[in-house]
Every structure is written in structure tokens, then in C-alpha cells.
Amino acid sequence: MTRVWRETGFVENDPWVIETEELKAGENDKVLLPLDQLIERAENSNDVGLGVLIKPADDIRKLEPYLYRLEIVAVEFPAFNDGRAFSHASLLRDRLAYKNELRAVGDVLIDQIPLMLRCGVDSFAVKNATALKRLEEGRLPGIAVHYQPTARQADKAGGYSWRRRSA
Amino acid sequence: MYRYDEFDHAFVTSRVEQFRDQVTRRLAGELAEDAFKPLRLMNGVYLQLHAYMLRVAIPYGTLNARQLRMLADIARKYDRGYGHFTTRQNIQYNWPKLSDTPDILAELATVEMHALQTSGNCIRNVTADHFAGAAADEVADPRPYAEILRQWSSVHPEFSYLPRKFKIAVTGAERDRAAIQVHDIGLHLKKNDQGELGFAVYVGGGQGRTPLIAKKIRDFLPEEDLLSYVTAIVRVYNLFGRRDNKYKARIKILVHETGVEEITRQVEEEFSHLQGTELKLPDADIQAIAAYFAPPALPDRPEGWAQLAGWKKEDEAFGRWVSQNVQPHKHPDYGMVTISLKPIGGIPGDASDVQMDVIADLAEEYGFDEIRISHEQNVILPHVALADLEPLYRALIAQNLATANAGLITDIIACPGLDYCALANARSIPVAQEISTRFGSPERQAEIGELKIKISGCINACGHHHVGHIGLLGVEKKGAELYQITLGGSGDEHTSIGEIIGRGFEPNKVTDAIETIVDTYLNLRLSKEEIFLEAYRRVGPQPFKDALYGDAKAEAA
């Protein structure tokens, strides 16, 4: 069972769904649209509050004209060893200055969540049992000192320009 | 050398505790092996043929005596009394227990060491010229930049799950001793016409099953842009590097398939956004890191010149060792000493705990507490007064560490091969041992001159066979080991990939084949000054093919 987690805790009644052959959005659900469908919808309507699902091979920069109409961007980690979404998240925050919700979906594991947070991801659709358990217990395995500036703002620390410390 | 500050200590300590937690979860069955694997790999823990293997990082190959003693201690306490120095300037332990690894990492942290990112699909240990900071021909010390890159790449959140491993090498001299053109990124530190420091940037070199020489995509990158530019390269790679086939996942394939012009365009486009951001290196920071690498104050020792001449006259073996294993230093009264880990008939790159302890003592006594590991699997004392060479030599002899073969035919690079490695198809160590024994006589080696033999036990090319003057690749054919020979490879500023000379040789025939090649060279060289590689480049493969596979030998086919 998938639950959505943010640093403030688990989110109940999250409306966003990824549609598949088996799963269709219900009445109170909102759809995370594939990139091409999002673009089509945005071009042909004045809708705002949209959601999009970015697949690993998608070009995140295509979102640029539509950012103000997005309530959420979901970036997909299809497997723990596919790290493209780390760059998508970084570009979305740093380059495109996207401010709304940025969600990790797919294979979201406890040891990767701290890295995702640092790349600017701020919500997580979690299925993995160990990850859920650790998050419930409030036990994130992150390290507070960092050797590189990233999308998530952190205080300068440690004397050199590239070092940061998380609050 | 670089010293940890509080920030570094906090980082490494938390990282050890993080890994301890992961190991605990693994041993408790909470973490599956496939999910644990990338985590342990990023902490240097491999699963090999017989046991776990721990690879400890020696950043850019630089160590002090205290650190080397710790490596000896770990060999004694957690392994079987030895360690194996690798072609990436690291050390491997072949027999640690998984449950001990967090304790080993905690002990390493007390001497400012770690095993971070010595494996896994992340940015690996940054390597550099092993003579950095001492070589007479150096423009500037590359190690401050290697250290900045080490820090920046440590647990980089965006670049911890790349398509494949990523290796960066830095050199600060025209003479490339760091093999930068066979790295994912090669950086050549140099000065422009205004006397400012910057880098020529090479991308997409590598060995493995598809050896490719890196392409230069920038002739001069100002030093302040180092992290911005490297970030641009790695980001392009992370997004577009192939993930469908692990054998095509290195950046060299991306560069090859995309084309160097298009890759350069993509990198420059990304860099245009990153230049001048938080990643820009302030000069004060570069200077602060560089200050750690200030050379020791070397007092003049001019008496060494006359002493050295006298010692050489008295002892021919000592003279051979000096001419082979001591290189010119920036300071004329000093030399850079190569301590060979290639005893005749021995295992290339192995050192016992006692040997490590002795080298640590000698580094303190004669070498200003500085030690380097070379990618050729030897140990270097970079600052030794000529006046101290003789007592140093005597002490090394006692530990079988005075083999006078640096750069010669018995200074063989070999991967661990089928004796240890889960990937290997063939053994490397016994082949190296046999060749070393065959050519072991000092006179014969001196006659042959500079000749680099490199041996890999499989196509992954950890033994760098592609860039060996003579390369040996172990393959498996119909259940038996077979060695393919390549000639003419080189890993320096004139990098070339060796050419396969013909069909392979069985284990019991391979040393004879090497001897045939060497004899052919001796017969055709123009003079003793024309080394094997030059002669090969002049005459090409044919004379060697004729000698190996000519009429007389055709019947064996």
C-alpha cells in the first residue's frame, strides 16, 4: 500500500494518481498526466492546478512554459539504481525555479530519501515496507553535513564555498 | 597533505554510523541483498569469489606514516596479514568479515581515511600523478584540485546513482603519469599565456571491453570553473548515459555514440547555466586547500652528490636501484624513490603488514612523512635526500622491497584475476609471477630497458592491458584459460590502445610468447635508446606476428 510522506508527516487523502490499465482515477482523484498529455492539455485549455509525471527519459525543460499551471510534478525512480530523476529534480528547482510540490514516485527507498530531499524533492509516494516503518518511527538515515550546494537550500558551513549544513 | 577538519570528521563519522545501521539491517534480514548491494558498494564492500572484499580509498594516492600503519594494522587484525594496492591508488583487503566492516571503517576514520565511493555507480576515488608536488617537470601540484573534487563528489545527492562508475584523474605535468586519457574525465592542470592556472579537459576515455581514448573538449578551463564544468559533464552523463546495457553505460560510449561535437555542445550549454553559481571556486578556498599540500621544507643536502657517486661505485646493485628507482626531484639534492612492490616472482602490488610498517618508519626517518601509492602498484617516497639513499636502500633490502625494476619488464601491473575476483575468466597473478621469474635477472632487464607489461584476467581490464606496451588479456575458451596478447598500448601523454597480435596462448606457452616478442624487439631496435614502444611504433606488428606465428610455428595452429 502506497502512502505519501512529507517532512511534516504522512499525508492523508492524497488525490494524485498515476493511471494504468487497471487503475483509473476516481471522482475525487486527480491525474498525474504523462508529459505529452500535460502539454496537450495545457495548450488546449486554461486549466491550472495540474499534475504531471516525469519519466526518466523525459526532457524536464519542456515544462518551462507551463510551470505556473502545475500544482505537482512527480519524478519517477523506476528502480533504485536509475538516478536520472535526481537530475530532473535538481534542474526543476535550480534551473526552472519550480516552487510547488515535487514528488518522488516509483522505487522510493529509505536510504535514497535523504538524497532526494537534497535535490529538492519534498514529497514521497512510498511502498517499501522498511521505508514506511522507518518513516513512521521518524528515523531518516541522512547526514547533516554536505560537500556540495544543491537545490535544497542549506546553510553555508565548514569554511569552504562548497560546504553546507542541514538545519 | 590534506588534514581533516571538524566538518570532515563529522561527515566520515556519521557515514560510518549510517553504514553500521545498514549492515545491521542486512544481517537482520531487513534489507535484501539487491538493495544492500549499492549501499555496501558505495562503502567499498564487494562480494568476491571466496569472501567479502573491502577497498579502502587512498585519495590521489597520498598517505602519511600514521595512515600506512593503520592499513598494516587492519591487515593484521581483520585480514590475513597483507593488503593489495590497486591501479586506482587504493588498497584492497581480500578477507574481511562483513560484520567487521563497520569497525574497520571506524578505525580508518581515526586516521582520516574511509572507503567511500571506491565502488558503485558513483564518482570514484580521484587519482593523480604519484609524483605530484615533487616532480621536476611539474607545472603545479594537481592534488589540491583532486581534494576539492573528492570533497565535492562525496555523497553527491544528484550523482550517486549514475549509469555506471565514473573516474576522474588529474595531472599537473606535460608528462602524464596519471593516464588521464583513459579516464571518464581527465584533467591536465596547466598555465595559459597569462600564467593563470586552468585545465585541459578530456572526456570519455576508458578501458574495459571497449577501450577508447578520451576526447579533449576544452583546451583551457579556468580553475574557478572546475566544479561547474565537472557538474555539467556529470549531469549530461546522468541524464543521457545508456542504462539499457551495463557494458555500454560508461560515458565513453555516450561520447562515442553522440559524437564529441554534440557532447561538447551539451556540456557547454549546461555549463553556461552553472558558471558563476554557488559552484564557482573562490581563489581563497583554492589557496586554503593548496596550503595543505605545501611541500616540506627541504634543507640543502649537497653532500649527497659525492656520497652517492661513491656508494654507486662500491655497490653495483645499489647503483642499479638508484638509476632505475630514483627519479629527479624539484630540489637537486633530493630524489623521488619508487619502492617496488614487484619482487621477482612475487604478487604485483601486495604488501605485508610488516612491510607497510617498515615503509611507514622509513618515510618518517627519511621521507618527511610523505608516502604515495602509484597506479602502477608501487609505493613512492617523494622526498628523499640523495645523502639518505644508501641507508634507505639497506633498510628496504631487509624487507625484500629494494627490487630495482621500476619501469622495467618485471614491473608488471596485474589485476587480482581468478585467484580472487568473481568477474575474472583467467588467472593474472601466476602469469605475472612466471614472466617476472623468467626475466628476473638484473642484467637482462637492464638490457631490455623500459617495457610495461600489464595483465588483466578478464575483459573489464582492471590490469590496464590495453595500455600495456605488452598487454595480456585472460579469456576463457572452451573451459580453458587463454591469453590474448596486445602490443603497442600506452597510458601516457601519447596514449594508444594496444593492438591484438593474433590468436591467444595457453597458460604454459604465454611466457615463451613474451620471450619471443622481447627477443624480436632486441634484434630490430635501432639502438638501446629506442625502447620497445618506440620500436613497435616504428615497425608495426608484422615482425612480431612473423616471430610468433611464422611458418615454423604454423603447425601449432
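The values are calculated or read from the model by the stated rules, or taken from the named source; none is laboratory data. Quantities reported herein were computed from a predicted structural model and do not represent experimental measurements. Note: ideal-geometry Cβ built from the backbone for every residue, glycine included; neighbour counts use all protein chains shown.
How many residues, within region A:41-68, are away from chain B (no Cβ under 14 Å) and under 19 Å from residue A:16 (Cα atoms)?
First, pick out the residues of region A:41-68 that are away from chain B (no Cβ under 14 Å): A:41-53, A:63, A:65-68.
Filter once more, keeping what is under 19 Å from residue A:16 (Cα atoms): A:41-42, A:47-53, A:63, A:66-68.
The number of residues fulfilling the criteria is 13.
For region B:334-350, state whether one or more residues are surrounded by fewer than 23 Cβ atoms within 10 Å (Cβ to Cβ), more than 22 Å from the chain's Cα centre (by Cα) and of a type in the set (A, V, I, L, M, F, W, C). No, there is no match, as no residue in region B:334-350 is surrounded by fewer than 23 Cβ atoms within 10 Å (Cβ to Cβ), more than 22 Å from the chain's Cα centre (by Cα) and of a type in the set (A, V, I, L, M, F, W, C). For residue B:536, the conditions (1) in contact with a helix residue (DSSP H, G or I) (Cβ under 8 Å, 6 or more places away or on another chain); (2) assigned to a loop (DSSP other than H, G, I, E, B); (3) under 21 Å from residue B:176 (Cβ atoms); (4) not basic (Lys, Arg) all hold with the exception of (2). Looking across region B:1-16, the residues that are surrounded by 15 or more Cβ atoms within 10 Å (Cβ to Cβ) and among the charged types (D, E, K, R) come down to B:8, B:15. When the test is whether a residue is crowded, with 21+ Cβ neighbours inside 10 Å, hydroxyl-bearing (Ser, Thr, Tyr), in a helix (DSSP H, G or I) and more than 9 Å from chain A (Cβ to nearest Cβ), residue B:272 does not pass it. When region B:417-432 is filtered for residues that are touching a helix residue (DSSP H, G or I) at 6+ places or on another chain (Cβ under 6 Å) and not in a helix (DSSP H, G or I), the ones remaining, listed by number, are B:424, B:426, B:427, B:428. For region B:223-252, the tally of residues that are in contact with a strand residue (DSSP E or B) (Cβ under 8 Å, 6 or more places away or on another chain) and of a type in the set (A, V, I, L, M) stands at 5.
Just so you know, in region B:86-109 the residues that are of a type in the set (A, V, I, L, M, F, W, C) and assigned to a helix (DSSP H, G or I) include one that is nearest to residue B:374 (Cα to Cα), and it is B:108.
Evaluate region B:188-211: report whether one residue or more is more than 14 Å from chain A (Cβ to nearest Cβ), aliphatic (A, V, I, L, M), in contact (Cβ under 8 Å) with a residue 60 or more places away in the chain and under 22 Å from residue B:127 (Cα atoms). Break it down stepwise before answering.
First, pick out the residues of region B:188-211 that are more than 14 Å from chain A (Cβ to nearest Cβ): B:188-211.
Next, only the ones that are aliphatic (A, V, I, L, M) stay: B:189, B:197, B:200-201, B:203.
The next check asks that each one be in contact (Cβ under 8 Å) with a residue 60 or more places away in the chain; those that pass are B:203.
Still in the running and under 22 Å from residue B:127 (Cα atoms): B:203.
Yes, region B:188-211 has at least one match.
Evaluated against (1) more than 14 Å from chain A (Cβ to nearest Cβ); (2) touching a strand residue (DSSP E or B) at 6+ places or on another chain (Cβ under 7 Å), residue B:156 falls short on exactly one condition, (1).
For (1) free of Cβ contacts under 8 Å to residues at least 40 places away in the same chain; (2) under 16 Å from the mean Cα position of the chain (by Cα); (3) surrounded by 10 or more Cβ atoms within 10 Å (Cβ to Cβ), each residue gets a yes or a no:
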| residue | (1), (2), (3) |
| --- | --- |
| A:3 | no, yes, yes |
| A:12 | yes, no, no |
| A:16 | no, yes, yes |
| A:32 | no, yes, yes |
| A:37 | yes, no, yes |
| A:40 | yes, no, yes |
| A:46 | yes, no, no |
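Output the number of residues of region B:114-140 satisfying the condition of being touching a Leu at 6+ places or on another chain (Cβ under 8 Å) and away from chain A (no Cβ under 14 Å).
Going residue by residue through region B:114-140, those that are touching a Leu at 6+ places or on another chain (Cβ under 8 Å) are B:114-115, B:119-123, B:126, B:139-140.
Among the residues that remain, those that are also away from chain A (no Cβ under 14 Å) are: B:115, B:139-140.
Total meeting the criteria: 3.
When residue B:4 is tested against (1) modelled with pLDDT of 95 or more; (2) away from every other protein chain (no Cβ under 14 Å); (3) closer than 25 Å to residue B:380 by Cα, exactly one condition is not met: (2).
For region B:145-164, residues that are assigned to a helix (DSSP H, G or I) and more than 18 Å from the chain's Cα centre (by Cα) total 4. Being part of a loop (DSSP other than H, G, I, E, B), out of contact with any His (no Cβ under 8 Å at 6 or more places or on another chain) and among the hydrophobic types (A, V, I, L, M, F, W, C) is the filter here, so list the residues in region B:275-308 that pass it. Scanning region B:275-308 gives B:279, B:281, B:293, B:294, B:297.
Mind listing whichever residues of region A:48-66 are in contact (Cβ under 8 Å) with a residue 24 or more places away in the chain and surrounded by 14 or more Cβ atoms within 10 Å (Cβ to Cβ)? Answer for region A:48-66, where residues must be in contact (Cβ under 8 Å) with a residue 24 or more places away in the chain and surrounded by 14 or more Cβ atoms within 10 Å (Cβ to Cβ): A:51, A:53, A:54, A:56, A:58, A:60, A:62, A:63, A:66. Checking B:35, B:51, B:28, B:75 one by one, the residue that is out of contact with any Pro (no Cβ under 6 Å at 6 or more places or on another chain), more than 10 Å from chain A (Cβ to nearest Cβ) and crowded, with 20+ Cβ neighbours inside 10 Å is B:75 and no other.
Applying the condition of being assigned to a helix (DSSP H, G or I) and closer than 15 Å to residue B:165 by Cβ to region B:223-244 and asking which residue is nearest to the other protein chains (Cβ to nearest Cβ) yields B:238.
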